[in-house]
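Undergrad: So that we are looking at the same thing, I have put the structure below in structure tokens.
The values are calculated or read from the model by the stated rules, or taken from the named source; none is laboratory data. Just so it is clear, the structure is predicted and the values come from calculations on it, not from any experiment. Please note: Cβ atoms are built from the backbone with ideal geometry, for glycine as well, and neighbour counts cover all protein chains shown.
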Amino acid sequence: MKSVVGQTLRPLQLILVDDGSTDGTLELMYQLQKKYGDYWIDIIELSHNMGVSIARNSGWESAKGEYIAFLDSDDTWHPQKLDIQYNYMKKYPSIAITGHGYNKILSQDKQLTQNQFYSSDYKVKTFSYKYVFLKNPIITPSFMVKKNIDFRFLKGSNGFEDHLFLMKISNNLGPIHAIQLPLANIYKHEYGESGLSSKMWKMQRGHFFNYKYLYINKKIPLLVYIFLSLLSLIRYLKRLLVVHFFKKIK
């Protein structure tokens with residue numbers, strides 16, 4: 001919350017989505033709304049846990065601005081994140097979505113020094129749909145997307161739903177632009193630790209689901225579907241070895 005309030009370009013609206021929590025999260029949301037102002041903070045209460053895709057889409061439909069950014073509860077943003085990304089997208093209005101780099105902070109007591117401010121002199125990489133089909137180039141806390149596009153996170157897809165989302169956008173609306181600055185912070189490994197990332201096989205099934213979805217909807221031919229599925233399986237086995245190795249040396 002502090003990393004949103006502390007933005008050099010404050011968002012028009014902050015939408016907090018409670019996905020059927022039972023641990024006091026909703027009560028905390030209302031405390032934050034009271035503290036920081038209900039004139040710009042809206043709260044959405046889902047009746048029960050519906051998954052990350054529906055939670056994000058629910059926030060999306062309630063958004064008032066021209067662009068939307070996403071932030072999970074266990075991640076943070078650099079103070080200039082919105083400023084830099086928003087102005088880049090306003091400069092190039094044909095771009096549907098952008099992302100950026102991030103810092104991985106694994107120590108509980110290590111805090112990122114946030115006093116490094118960036119100028120407008122930064123590099124941007126673009127990723128075609130062919131690259132995006134092979135590999136997810138940006139993480140969800142780095143997304144900024146136009147509100148009025150026709151694509152949403154697929155309902156029921158809770159394992160690599162962000163990758164399927166990017167594949168559909170890049171295949172239909174053009175390349176993914178990634179600002180080469182670390183404007184987000186994540187506090188766990190992408191796989192093998194807490195949350196959804198700890199359920200590695202479930203995540204892998206998400207990969208398989210994504211490619212099958214694209215094949216069934218005639219976005220990729222059979223041979224490409226088989227190739228991508230095999231490549232994904234190889235990467236999964238590699239991740240298993242990495243996680244096993246780190247467990248051994250702990």
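Undergrad: Quick check: anything in the stretch 23-35 closer than 20 Å to residue 83 by Cα, buried (at least 17 other Cβ atoms within 10 Å of the Cβ) and among the aliphatic types (A, V, I, L, M)?
TA: Scanning the stretch 23-35, I find no residue that is closer than 20 Å to residue 83 by Cα, buried (at least 17 other Cβ atoms within 10 Å of the Cβ) and among the aliphatic types (A, V, I, L, M), so the answer is no.
Undergrad: Please give the number of the condition residue 111 fails out of (1) at pLDDT 90 or above; (2) loosely packed, with under 13 Cβ neighbours inside 10 Å.
TA: For residue 111, the failing item is (1).
Undergrad: Write out, first by first residue and then by second, each pair whose Cβ atoms fall under 7 Å of each other, whose residues are 6+ apart or on separate chains, and whose first residue, in the stretch 94-106, is touching a residue at least 40 places away in the same chain (Cβ under 8 Å) and among the β-branched types (Val, Ile, Thr) while the second is surrounded by fewer than 17 Cβ atoms within 10 Å (Cβ to Cβ) and in a loop (DSSP other than H, G, I, E, B).
TA: Short answer, once both residue conditions are applied: 105/112.
Undergrad: Being β-branched (Val, Ile, Thr) and assigned to a helix (DSSP H, G or I) is true for just one of 15, 68, 84, 44. Which residue is that?
TA: None of the other options fit; the residue is 84.
The rows are residues; the columns are (1) in contact (Cβ under 8 Å) with a residue 40 or more places away in the chain; (2) within 16 Å of the chain's Cα centre (by Cα); (3) in a strand (DSSP E or B).
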residue	(1), (2), (3)
119	no, no, no
122	yes, no, no
132	yes, yes, no
137	yes, yes, no
145	yes, yes, yes
153	yes, yes, no
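Undergrad: Could you tell me which residue of the stretch 47-57 is surrounded by the most Cβ atoms within 10 Å (Cβ to Cβ), considering only residues that are part of a helix (DSSP H, G or I) and in contact with a strand residue (DSSP E or B) (Cβ under 8 Å, 6 or more places away or on another chain)?
TA: Per the criteria, the residue is 56.
Undergrad: Pairs only if they're at least six apart or on different chains, beta carbon under 6 angstrom, first in the stretch 61-73 and outside the structural domain of residue 145 (by TED's automatic domain parsing) and under 20 Å from residue 39 (Cβ atoms), second polar (S, T, N, Q) and outside any loop (DSSP other than H, G, I, E, B); list them, first residue then second.
TA: none
Undergrad: Let me ask another. Do we have any residue at all in the stretch 194-214 that's touching a Lys or Arg at 6+ places or on another chain (Cβ under 6 Å), over 30 Å from residue 147 (Cβ atoms) and either crowded, with 17+ Cβ neighbours inside 10 Å or at pLDDT below 95 (or both)?
TA: Taking every residue of the stretch 194-214 in turn, at least one turns out to be touching a Lys or Arg at 6+ places or on another chain (Cβ under 6 Å), over 30 Å from residue 147 (Cβ atoms) and either crowded, with 17+ Cβ neighbours inside 10 Å or at pLDDT below 95 (or both).
Undergrad: Are there any pairs, at least 6 apart or on different chains, whose C-beta atoms fall under 8 Å, with the first in the stretch 220-249 and closer than 11 Å to residue 204 by Cα and the second outside any helix (DSSP H, G or I) and not β-branched (Val, Ile, Thr), and if so, which?
TA: Pairs that qualify, where the first residue is closer than 11 Å to residue 204 by Cα and the partner is outside any helix (DSSP H, G or I) and not β-branched (Val, Ile, Thr), are 239/191; 239/192.
Undergrad: If you don't mind, another one. Please go through the stretch 27-41 and give me each residue that is without any contact (Cβ under 8 Å) to a residue 24 or more places away in the chain, within 13 Å of residue 1 (Cβ to Cβ) and assigned to a loop (DSSP other than H, G, I, E, B), ordered by number.
TA: Selection gives 37 alone.
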